[in-house]
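Report on the following structure.
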Amino acid sequence: MRVLYGVQATGNGHITRARVMAPALVAAGVEVDYLFSGRPADQFFDMECFGHFETRKGLTFKLADGGRVNLLDTLVSNDIWQFWRDTRALDLTGYDLVITDLEPISAWAAKQQGVRSIGLAHQYAFLNPLPDGGYSKLLKPGIKLFAPVDLAVGVHWDAFGGTNIPPLIAEPSFEPSDNERDILVYLPFEQKATLERLFAFFPAHRFHVFCRCDEVQPCANVTYHPLSRQSFEQHMAHSGGVISNCGFGLASEALQYGKKLLSLPMPGQWEQQSNAKILSELGLATVVSSWDIDTLGVWLAQPSSAPMAFKQSAGVVAQWIANGAKEPVVDMVDRIWPGDALEVSGL
């Protein structure tokens, strides 16, 4: 079984899922080539598990200050002709299947060349009904257009009666501890000055902010850290909580480590609004629409949450792929979930 695995690299969550699937696919005897698009080649990090991989410009959203999608810049900056040329030039001869984590070049190439394709991403959960106030209905047409697939496997915190598997995240690498003074922060679209002003009201806490920088930079009770998968997870394991936007992968890791979560979904990003709605409905996070000193103070005083034992499903999915994905998706999903519930206290 030979597979091309396309990964949309604009967000780290897509790459995180692929990192979990990579060893599982190898263990299942699947030969995999990787294609990443949507991020400059010099901005990838910790990619050793993928061996030699290809990159393309692909398609991506342009964001304004605060993380809001800028539709005009998105339309102007995306090179549709280059995307079309890359899609036409991608030769899928010799591949049995294409897997895409919302990567459009591999998805459209598979459609054009008649190669079976499997969508494996959080975003494909929006093709199923979700208790998110209707955001999934708004997202559904765009996902079908952006990266169309023959079989869709969504990734979410519950099956929600659809073809969703549990979060594809690695088991914890570090023994968790609760140092309530240390807070992990990942807010890539917030200005440093904004964060420093906000966190200055809480001098008893240490805020560890991961961002694009070359070295560790302490500043009062804020310390900036360069992006590193291992260092990030280590700080999460030993933190008292996580402050972030509402990306699915990071929220899932925080829940798995049992860290309280303060989340501000990025404006104009319906996917994050959907995540925020579900987290709030399930009581899994404190969701805010703007930064507020009083809300932050209340959240900092809260105790940590109980860790969530998400069922590890990468091996089941990898074997399903190795067998040619012949079993109906719904049957594979039913085998993963015990009954209709997560292996999580409170759900």
- Message: Given the condition of a type in the set (A, V, I, L, M, F, W, C), farther than 26 Å from Met1 by Cα and assigned to a helix (DSSP H, G or I), answer yes or no: does some residue in the stretch 100-108 qualify?
- Response: no
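Here are Glu233, Glu253, Glu281: which of them is more than 22 Å from Thr10 (Cβ to Cβ) and either basic (Lys, Arg) or open to solvent by 10 Å² or more (accessible area, probe 1.4 Å) (or both)?
Values: Glu233 fails: more than 22 Å from Thr10 (Cβ to Cβ); Glu253 fails: more than 22 Å from Thr10 (Cβ to Cβ).
Result: Glu281 is the single residue among Glu233, Glu253, Glu281 that is more than 22 Å from Thr10 (Cβ to Cβ) and either basic (Lys, Arg) or open to solvent by 10 Å² or more (accessible area, probe 1.4 Å) (or both).
Counting only residues that are among the aromatic types (Phe, Trp, Tyr) and over 17 Å from the mean Cα position of the chain (by Cα), which one in the stretch 91-136 is surrounded by the most Cβ atoms within 10 Å (Cβ to Cβ)?
Taking the stretch 91-136 and keeping what is among the aromatic types (Phe, Trp, Tyr), we get 95, 108, 124, 126, 135.
From what's left, over 17 Å from the mean Cα position of the chain (by Cα): 95, 108, 135.
Working: Tyr95: 21, Trp108: 23, Tyr135: 20.
Of everything passing the filter in the stretch 91-136, Trp108 is surrounded by the most Cβ atoms within 10 Å (Cβ to Cβ).
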- Task: Just give me the residues in the stretch 139-157 being assigned to a loop (DSSP other than H, G, I, E, B) and under 18 Å from the mean Cα position of the chain (by Cα), in sequence order.
- Result: Ala147, His156, Trp157
- Task: Give, as residue ranges, the helices (runs of 4 or more DSSP H) completely inside the stretch 281-336 that count at least 1 residues that are within 20 Å of His156 (Cα to Cα).
- Result: 314-322, 329-336
- Message: Here is a check on your reading of the model: is Leu168 in a strand (DSSP E or B) and either among the hydroxyl-bearing types (Ser, Thr, Tyr) or within 17 Å of Gln312 (Cβ to Cβ) (or both)?
- Response: no
- Message: Cβ-Cβ distance below 9 Å, separation of 6 or more or different chains: which pairs start in the stretch 167-190 with a residue that is under 23 Å from Cys213 (Cβ atoms) and end on one that is assigned to a loop (DSSP other than H, G, I, E, B) and of a type in the set (Gly, Ala, Ser)?
- Response: Arg181/Ala204; Tyr186/Gly247; Phe189/Ala64
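Could you pull out the residue among Ser244, Ser274 that is within 20 Å of the chain's Cα centre (by Cα), open to solvent by less than 10 Å² (accessible area, probe 1.4 Å) and within 30 Å of Arg116 (Cβ to Cβ)?
Numbers: Ser244 fails: within 30 Å of Arg116 (Cβ to Cβ).
Checking each option against the conditions leaves just Ser274.
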- Among the candidates Lys326, Lys260, which residue alone is free of Cβ contacts under 8 Å to residues at least 24 places away in the same chain and within 27 Å of Arg19 (Cβ to Cβ)? Lys326
- Which condition number in (1) under 19 Å from Val3 (Cβ atoms); (2) assigned to a helix (DSSP H, G or I) is the one that Ala125 fails? (1)
- Query: Can you name every residue in the stretch 177-207 that is of a type outside the set (Gly, Ala, Ser), out of contact with any strand residue (DSSP E or B) (no Cβ under 7 Å at 6 or more places or on another chain), open to solvent by less than 60 Å² (accessible area, probe 1.4 Å) and in a loop (DSSP other than H, G, I, E, B)?
  - Reply: Glu190, Phe202
- Tally of residues being within 21 Å of Pro307 (Cβ to Cβ) and over 20 Å from the mean Cα position of the chain (by Cα) across the stretch 203-240: 4
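The values are calculated or read from the model by the stated rules, or taken from the named source; none is laboratory data. Values in this document were obtained by computation on a predicted structure and should not be read as measured data. Quick reminder, even Gly has a Cβ in these numbers, built from the backbone with ideal geometry, and neighbours come from all protein chains shown. The accessibility values were calculated without ligands, DNA or RNA, using every heavy atom of the protein model including side chains. Shrake-Rupley method; radii C 1.70, N 1.55, O 1.52, S 1.80 Å.
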